[in-house]
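Novice: Sharing a structure below in structure tokens format, with a few things to ask.
Please treat every number below as a calculation from the coordinates, not as lab data. No experiment lies behind these values; they were computed from the predicted model shown. Note that each Cβ is placed from the backbone with ideal geometry, even for glycine, and that neighbours are counted across all protein chains shown.
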Amino acid sequence: MAYCEIDDVRAEGVDSSSADDARVVTLIQLATSYIDRVTGQFFESRRQTYVLDGPGVDTVFFRVPIVDLVRVVIDDATAPDLAAFVVDNRRLVRRSAVFPRGPGNVVVEADFGCLDDGETPALIKRACVLLVIRNAPKAATEEAVDRRRQGMIVQESIRDYSYRLSDLAQSGGPTGDPEIDAILAMYAAPAAIGAV
């Protein structure tokens, strides 16, 4: 799936003479993959199965929020009642029991995704559209090109006058585009925390 549609890109002024539908679809797929990789999570519902080491406590954690719990297997026995578990965003809590300690003895199948009211967040759609526009050279508006360059320029000189941009411009983000980078930073997955 993808985080934006061809119509979203066309609404930003990218016409078929700048990029045909096949090119836009390819750029949307690349932008979607890039967003997933940079943020460490995904923004659509995806069914996944995780095999976990039982922690010996009542809670297991995931990098991406749980949308819908499908199946839990503990020590090769499928849990007959999913009501025995509480889904709390990235946490799965077992009511009145613990996940027994053991290697690979807990299997969780669920739909996962970072969603707003069951949909891809509007800002992620916006970042996807901006990445598409940025990566389609003929489709990039002068404003988009200027915004991209703004993240790259550290110092500029014109005749006898020169100035240095703030450290914010120097630090930049993964794309060098302040608007895209701010969105991606906002939706970055929390750091994985563990203990031995």
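Novice: I'd like the distance between the alpha-carbon centres of the stretch 5-27 and the stretch 37-90, rounded to an integer number of Å.
Specialist: Taking the Cα centre of the stretch 37-90 as reference, the centre of the stretch 5-27 is 37 Å away.
Novice: Please compute the net charge surrounding ASP36, taking Lys and Arg as +1 and Asp and Glu as -1 over other residues with Cβ under 15 Å from its Cβ.
Specialist: Values: positive: ARG37, ARG46, ARG63, LYS125; negative: GLU44.
In short, +3.
Novice: Fully extended, how many nm does the chain gain between SER16 and ARG159 (0.36 nm per residue separation, minus their Cα-Cα distance)?
Specialist: Numbers: separation 143, 0.36 × 143 = 51.48 nm, distance 4.11 nm.
Stretched fully, the SER16-ARG159 segment lengthens by 47.4 nm.
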